[in-house]
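Colleague: Mind having a look at this structure? Questions to follow.
Here, each number is a calculation from the coordinates, and none is a lab measurement. None of these values were measured; they are calculated from a predicted model. For neighbour counting, all protein chains shown are included, and Cβ atoms are generated from backbone atoms with ideal geometry for every residue, glycine included.
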Protein chains: 2
Amino acid sequence: MVRKTVDGQIRNKERTKIKLIEAVGAIIRTEGYTGLGVNNIAKYAGVSKKLIYRYFENVENLIEAYVLNKDYWTNLNGKVNQLIELNKDDYGKTLASITLVDLFDKLMNDDETRKIILWEISEKNELMKEVSTLREIMGSKLFALTDPIFKEKDDDIRAIYALLLGGVYYLSLHSHAAGGSFCEINVENDEGKERIKNTIEKVIEWMFSKASETS
Amino acid sequence: MVRKTVDGQIRNKERTKIKLIEAVGAIIRTEGYTGLGVNNIAKYAGVSKKLIYRYFENVENLIEAYVLNKDYWTNLNGKVNQLIELNKDDYGKTLASITLVDLFDKLMNDDETRKIILWEISEKNELMKEVSTLREIMGSKLFALTDPIFKEKDDDIRAIYALLLGGVYYLSLHSHAAGGSFCEINVENDEGKERIKNTIEKVIEWMFSKASETS
DNA sequence: TTAATATGTCACCACTTAGTAACAATTTGT
DNA sequence: ACAAATTGTTACTAAGTGGTGACATATTAA
């Protein structure tokens with residue numbers, strides 16, 4: 001027989017798992033992904049590290065549980081159908097702009113998200129490969145929205161988006177590490193931020209207006 | 001009296017220092033900057049780690065010696081005036097394209113350069129701040145070339161360039177870490193690479209053609 | 001040739017790391 | 001109430017970290 005999982009006041013499996021997962025977040029926020037060791041996580045959670053192995057097998061799985069819960073794109077997953085419905089009219093033009101600009105804002109302000117991005121590009125990492133793949137699935141749903149208008153054009157909306165998205169990632173990382181200006185723009189102040197956002201919108205706008213031209 | 005620094009066959013201060021500095025390069029190439037510990041560097045150099053402290057005081061100084069010795073970005077500095085002269089005709093349009101596309105190729109193939117970029121955005125690092133500043137000086141000379149044509153336009157060539165350059169950095173980093181596709185483009189194969197390069201050229205082309213329109 | 005000094009190695013320190021075995025205590029089902 | 005299973009802690013490996021003092025020896029200057 002399968003016994004009910006322990007749910008007492010003193011011993012409680014689920015509560016402990018949550019403690020561990022939230023410890024991961026706390027560490028990423030304060031120390032960055034380099035602080036994600038078994039000992040440190042257990043210390044933050046106030047619990048024995050043995051339990052990490054018992055409940056998650058290894059640290060990787062624990063972190064995966066955390067990251068999947070936190071990721072910007074995978075979180076959009078729940079809203080994606082709604083978003084698609086709302087953005088059918090302009091073939092996803094507004095959506096493309098908004099997601100990039102929003103993500104830029106989020107990354108500039110949210111240490112946690114930024115450090116996950118950094119972690120993702122830092123090392124050959126099977127976990128991050130999975131996260132990355134999940135994001136792609138999300139993304140393909142959104143690109144399906146834009147395809148009708150770009151169908152027979154040689155303008156490559158995916159390539160444009162990849163470059164802009166990568167640019168957004170990089171700019172936020174750069175500004176929080178080396179800092180200072182980048183291409184003579186300082187995204188640490190509002191004026192710099194606005195220039196980037198306006199340019200993102202302008203490029204997207206241009207792409208779509210070109211694509212909708214009668215050929 | 002100051003004695004001549006030892007220059008024998010068995011003991012040789014300068015030779016050892018070079019060994020250590022080159023060990024840093026070898027490690028960055030093979031393991032990335034995370035492998036830059038005292039023990040590891042000494043092992044690569046085939047020398048006692050004690051000497052790192054004796055000759056460089058600490059690991060930071062040793063790494064600084066390496067990066068400055070490599071002179072990545074200041075090396076470009078020598079060619080800058082020549083490049084400007086050659087690209088006056090089209091206000092730097094070709095140059096803007098070429099530098100981005102070339103850099104993309106370089107980053108996709110050169111582990112060392114890519115890992116230094118990664119290091120630069122990974123941590124608050126005074127040394128990397130310096131390198132970053134040097135690059136900005138370089139860049140401003142190139143933007144001087146484009147300014148006449150963009151002068152009274154509200155298109156922001158610096159913001160476009162920042163996004164594209166950041167995009168190039170990010171795409172190369174992503175493909176060597178998580179890998180797989182990004183925005184449904186896989187830059188690990190030639191088809192993906194070409195799509196990115198073509199799009200870079202197209203965006204630059206568009207920017208300049210818009211800027212040169214009579215208003 | 002000899003003494004002084006620079007160079008290099010080795011063994012060790014205290015600390016941190018990932019991971020495990022043995023054990024104690026709580027919760028569950030009977 | 002009591003046994004069985006689950007949850008949690010402690011203490012312990014074995015290996016790796018940055019850093020240092022003691023010592024051996026190659027090189028230099030005399």
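Colleague: Return the whole-Å distance between the Cα centroid of the range A:71-124 and the Cα centroid of the range B:23-38.
Modeller: When both Cα centres are located, 34 Å separates them.
Colleague: Can you give the average number of partner chain beta-carbon atoms within 10 Å of each beta-carbon in peptide A:129-138, as a whole number?
Modeller: Mean number of neighbouring Cβ atoms from other chains: 3.
Colleague: Here's something else I'd like to know. Per residue of A:179-189, how many C-beta atoms from partner chains lie within 10 Å of its own C-beta, taken as a mean? Kindly include the intermediate steps, with their values, before the conclusion.
Modeller: On the way: counts 5, 6, 7, 9, 17, 9, 6, 0, 3, 0, 0.
Shielding by partners across A:179-189 averages 6.
Colleague: I'd like the distance separating the alpha-carbon centroids of the range A:165-215 and the range B:166-215, in whole Å.
Modeller: 14 Å
Colleague: Looking at the square roots a ≥ b ≥ c of the eigenvalues of the Cα gyration tensor of chain B, which shape do they give, rounded for a/c under 1.5, prolate if a/b is larger than b/c, or oblate?
Modeller: The shape class here is prolate.
Colleague: Give the aspartates and glutamates reachable from B:K88 as a straight Cα distance under 12 Å; neighbours fewer than 8 places away on the same chain don't count.
Modeller: B:D147
Colleague: If you don't mind, another one. Quick one: with label points 7 Å out along Cα→Cβ, list the inter-copy distances for B:T133 in nm, shortest first?
Modeller: 4.6
Colleague: With a cap of 11 neighbouring Cβ atoms within 10 Å, and only residues DSSP puts in a loop, list the trypsin sites (Lys or Arg not before Pro) found in the range A:131-201.
Modeller: Answer in residue order: A:K151.
Colleague: Below 8 Å, C-alpha to C-alpha, sequence gap of six or more: please give me the relative contact order for chain B in percent.
Modeller: 19 percent
Colleague: Further question on the same structure: Which entries in the list A:K197/B:K202; A:K106/B:K151; A:K151/B:K151; A:K13/A:K106 go over 27 Å, if you measure between the two C-alpha atoms of each?
Modeller: Working: A:K197/B:K202 20 Å; A:K106/B:K151 32 Å; A:K151/B:K151 36 Å; A:K13/A:K106 33 Å.
Long pairs (Cα-Cα over 27 Å): A:K106/B:K151; A:K151/B:K151; A:K13/A:K106.
Colleague: While we're on this one: Quick one: if the Förster radius is 22 Å, what FRET efficiency do A:N69 and A:E136 give, using the C-beta to C-beta distance and rounding to 0.05?
Modeller: According to the calculation, E is roughly 0.75.
Colleague: What are the nm distances, shortest first, from B:G179 to its equivalents in the other copies, labels at 7 Å along Cα→Cβ?
Modeller: Distances to the matching label points in the other copies: 3.7 nm.
Colleague: Add -39500 (n - 2.57) for each DSSP H run of 4 or more in chain A, then divide by its residues: what number comes out at 222 nm, to the nearest 500 deg cm²/dmol?
Modeller: My calculation for chain A gives -22500 deg cm²/dmol from helical runs alone.
Colleague: Here's something else I'd like to know. Dipole of the range B:102-215, Cα-centred, from +1 at each Lys and Arg C-beta and -1 at each Asp and Glu C-beta, to the nearest 20 debye?
Modeller: It works out to roughly 200 debye.
Colleague: Going by how many other Cβ atoms sit within 10 Å of their own, how do B:M108, B:M207 line up, fewest first?
Modeller: Numbers: B:M108 17, B:M207 26.
Placing the least packed residue first, the sequence is B:M108, B:M207.
Colleague: Now, a different point. Once both axes come from the Cα atoms, what is the angle between helix A:59-70 and the longest principal axis of chain A, in degrees from 0 to 90, rounded to 10?
Modeller: 50 degrees
Colleague: Based on other C-beta atoms within 10 Å, arrange A:T199, A:T74, B:T30, B:T99 from fewest to most.
Modeller: Exposure proxy ranking, most exposed first: B:T30, A:T74, B:T99, A:T199.
Colleague: Please go through the range A:48-100 and write out the GluC sites (Glu not before Pro) that DSSP classes as loop and that have at most 16 other C-beta atoms within 10 Å.
Modeller: A:E57
Colleague: Now for a separate question. Be a star and scan the range B:159-192 for residues whose amide nitrogen sits under 14 Å from the point 7 Å along the Cα-to-Cβ vector of B:N109.
Modeller: So the set is B:190.
Colleague: Still on this structure: About the Cα centre, and with charges only on the beta carbon of Lys, Arg (+1) and Asp, Glu (-1), how big is the dipole of the range A:23-140? Nearest 20 debye, please.
Modeller: 400 debye
Colleague: A:K70: which aspartates and glutamates have alpha carbons under 18 Å from its alpha carbon, excluding same-chain residues fewer than 8 sequence positions away?
Modeller: Here the aspartates and glutamates satisfying the reach criterion relative to A:K70 are A:E22, A:E31, A:E60, A:D102, A:D105, A:D110, A:D111, A:E112, A:E120, A:E126, A:E130, A:E136.
Colleague: Here's something else I'd like to know. Give me the tail of P(r) for the protein assembly as shown as a percent: Cα-Cα pairs with distance above 34 Å.
Modeller: Working: 36910 of 92235 pairs.
The answer is 40 percent, as a whole percent.
Colleague: A follow-up question, please. What are the label-to-label distances in nm, one decimal and shortest first, from B:N61 to the same spot in the other copies, with labels 7 Å along Cα to Cβ?
Modeller: 4.7
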